[in-house]
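Here the structure comes first, spelled out in structure tokens, and everything after it is commentary.
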Amino acid sequence: MLYPMSLLKNLPLKAPPPPTAGRPPLSLPFWTNRSKYAIIPPEAHMARPKEFDPDHALDRAIDYFSTHTYRAATVRALARHMGINSSSFYNTFGDKHRVYLQALARYLDRLQAEQRELYAQTEPTVAGLRRILSLAVDGYLSGPPQRDWGLFAVNATLETILLDPEVRALLAANHHAFRAILQEFFVRCQAAGTVSAHRSPTALAGYMVGVITSLTTLARLAPDRQVLADMVTVSLDALSGPAGEF
């Protein structure tokens, strides 16, 4: 292929191979400072391999969407935060919507694993659940939390769940997974006698999913510590009070 000589400064040109017996040497144009075109070897056109880790780039996208809305995000700003250029962004991920879905799916998988471990390691008591929710409130209100308490999921719920069926499907699957985690926690609580068996673990798990979803959403909309603390107290008092109260 012919290219202007002005574009050859950074291209990997190489000399022709030595002639073989019985065959004439390969002829190339005589290049001088006045040469206008040159022949570029085919390997100079080969695409360069990716120079970034797509998983790490998605982790950076998760970080971005935890503090930025989907609609306000531009490809340029998102790609810059991911540490890649626009060309790599489109070639690897397709478009902003595909990045958002991949980042959200990756994020929810990780969140479920963290929550599963957290509840499995917590003592099966109302006091143990209170400590988890108190830590969550602290995380919402004291800057970047040490543990992820679902901020990306909250953003997705508030902004895109009604408009995007793919986002809705991901969040619905996460809801069911989280309810199963809490259901197992309440099975352990009832086995230990720390929570009344008047209600089924399934019902208790559904109740707490609603409480925690409301808590995370309210923390995003009106981050008032006393309001959030009161919400935790009233919700958990219902678990530890007489069976008829719940």
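Things worth noting here:
- Here the helices (runs of 4 or more DSSP H) wholly within region 155-246 that include at least 3 residues being under 20 Å from F65 (Cβ atoms), in the same structural domain as S134 (by TED's automatic domain parsing) and modelled with pLDDT under 90 are 201-221.
- In region 171-203, the qualifying residues are those that are of a type in the set (K, R) and out of contact with any helix residue (DSSP H, G or I) (no Cβ under 7 Å at 6 or more places or on another chain), and the one that is nearest to A238 (Cα to Cα) is R199.
The values are calculated or read from the model by the stated rules, or taken from the named source; none is laboratory data. What you see is a predicted model; the values in this text were computed from it and never measured. Here the Cβ is made from the backbone with ideal geometry for all residues, glycine too, and neighbour counts use every protein chain on show.
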